[in-house]
Amino acid sequence: FTVLDVGQGQCLLLQTEGKNYLVDCGGSSDALAADTAAETLLSQGISGLDGLILTHYDRDHAGGIGNLLSRVDTGLLILPPVPSEDTYPARQVIYAREDLCVTSGNTEIRIFAAPISGEDNENSLCILFDTENCDILITGDRDGFGERSLLRNAALPDVDVLVAGHHGSKYATCDELLAAVRPEIVCISAGRNNVFGHPAPELLQRLETYGCTVYRTDLQGDILIRR
């Protein structure tokens, strides 16, 4: 699992059993996000993605996708169920109007749709990456309201890794979510000296209270976790 350093944005690479999936591709600039993702894949000899999942259409999550997909072939594209002016090349496009599950060998990728379709942060798709050795939860830009909605509508296990919601906003990664999934590691994707003050001191204090090990792209660059 790689959290790519794309500045103030999010781009996550999930790899298991020879399969490669990307979640989001946006950052401080569209070109930075696309170049970082493409160069990471090509440096490993990977010319195509098995799937790309977009949590929501905000530019810091989606701005680099068109550029990336012009260079990297993608088999499956999973998008939120809201209209978009952009069109993305992929062999198969699915709009996640309801929960989905993508299975590959012993790996499951569960995609949780929002109960009510919309374009705001609380309607971000959430992803549970479930392998034999590691469970990873991604909640996009959902804040506490959206996280509590996820807990009401999905049975979540304890997870090994949680990607902090909304780049470490004080309003995300709420107590209820942390108590429910008990992450061992929390990764924060945020830009250096960003104007939002992410990650917020309040969020870092919550993570300390729950005994989480924290890794941050603004301090450490790319984060790579192998299990």
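The values are calculated or read from the model by the stated rules, or taken from the named source; none is laboratory data. Just so it is clear, the structure is predicted and the values come from calculations on it, not from any experiment. Methodologically, a virtual Cβ is constructed for each residue, glycine included, from the backbone with ideal geometry; neighbour enumeration extends over all protein chains shown. Just the protein is used for accessible areas: all its heavy atoms, side chains included, with ligands, DNA and RNA removed. Shrake-Rupley method; radii C 1.70, N 1.55, O 1.52, S 1.80 Å.
For this structure, a couple of remarks:
Matching residues to (1) open to solvent by less than 40 Å² (accessible area, probe 1.4 Å); (2) closer than 13 Å to ASP222 by Cα; (3) among the charged types (D, E, K, R):
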{"position": "LEU13", "(1), (2), (3)": "yes, yes, no"}
{"position": "LYS19", "(1), (2), (3)": "no, no, yes"}
{"position": "LEU22", "(1), (2), (3)": "yes, no, no"}
{"position": "CYS25", "(1), (2), (3)": "yes, no, no"}
{"position": "SER28", "(1), (2), (3)": "no, no, no"}
{"position": "ALA33", "(1), (2), (3)": "yes, yes, no"}
{"position": "ALA37", "(1), (2), (3)": "yes, yes, no"}
{"position": "THR40", "(1), (2), (3)": "yes, yes, no"}
{"position": "GLN44", "(1), (2), (3)": "no, no, no"}
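Matching residues to (1) in contact with a Lys or Arg (Cβ under 6 Å, 6 or more places away or on another chain); (2) of a type in the set (A, V, I, L, M, F, W, C); (3) open to solvent by less than 50 Å² (accessible area, probe 1.4 Å):
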site: ARG142; (1), (2), (3): no, no, yes
site: SER149; (1), (2), (3): no, no, yes
site: ALA190; (1), (2), (3): no, yes, yes
site: ASN193; (1), (2), (3): no, no, no
site: GLY211; (1), (2), (3): no, no, no
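- Residues of the range 102-125 that are out of contact with any Leu (no Cβ under 7 Å at 6 or more places or on another chain) and open to solvent by 50 Å² or more (accessible area, probe 1.4 Å): THR103, GLY105, ASN106, GLU108, PRO115, ILE116, SER117, GLU119, ASP120.
- Which numbered condition THR139 misses (of (1) more than 18 Å from ALA180 (Cβ to Cβ); (2) polar (S, T, N, Q); (3) modelled with pLDDT of 95 or more): (1)
- Condition check for LEU156: of a type outside the set (Asp, Glu) and open to solvent by less than 10 Å² (accessible area, probe 1.4 Å): no
- Top-ranked residue in the range 159-183 [being touching a His at 6+ places or on another chain (Cβ under 6 Å) and on the phi > 0 side of the Ramachandran plot; ranked as surrounded by the fewest Cβ atoms within 10 Å (Cβ to Cβ)]: HIS167
- The range 31-48 residues that are within 16 Å of ASN67 (Cβ to Cβ) and of a type outside the set (A, V, I, L, M, F, W, C), paired with ones that are part of a loop (DSSP other than H, G, I, E, B) and open to solvent by less than 70 Å² (accessible area, probe 1.4 Å) (beta carbon under 6 Å, 6 or more apart): THR36/LEU4; THR36/VAL6
- Within the range 173-215, the set of residues being among the basic types (Lys, Arg), within 20 Å of VAL159 (Cβ to Cβ) and out of contact with any Ser or Thr (no Cβ under 8 Å at 6 or more places or on another chain) comprises ARG182 only.
- Flag for ARG216 being open to solvent by 10 Å² or more (accessible area, probe 1.4 Å) and either farther than 23 Å from THR107 by Cβ or touching a residue at least 24 places away in the same chain (Cβ under 8 Å) (or both): yes
- Taken over the range 52-101, the criterion of being open to solvent by less than 40 Å² (accessible area, probe 1.4 Å), assigned to a loop (DSSP other than H, G, I, E, B) and either within 24 Å of LEU42 (Cα to Cα) or among the aromatic types (Phe, Trp, Tyr) (or both) is satisfied by LEU54, THR55, GLY63, GLY64, VAL72, GLY75, TYR88, ALA90.
- Matching entry among GLU208, GLU176, GLU147, GLU202 (being acidic (Asp, Glu), within 25 Å of VAL102 (Cβ to Cβ) and not in a strand (DSSP E or B)): GLU147
- Some residue of the range 20-28 being in contact (Cβ under 8 Å) with a residue 24 or more places away in the chain, of a type in the set (Val, Ile, Thr) and in a strand (DSSP E or B): yes
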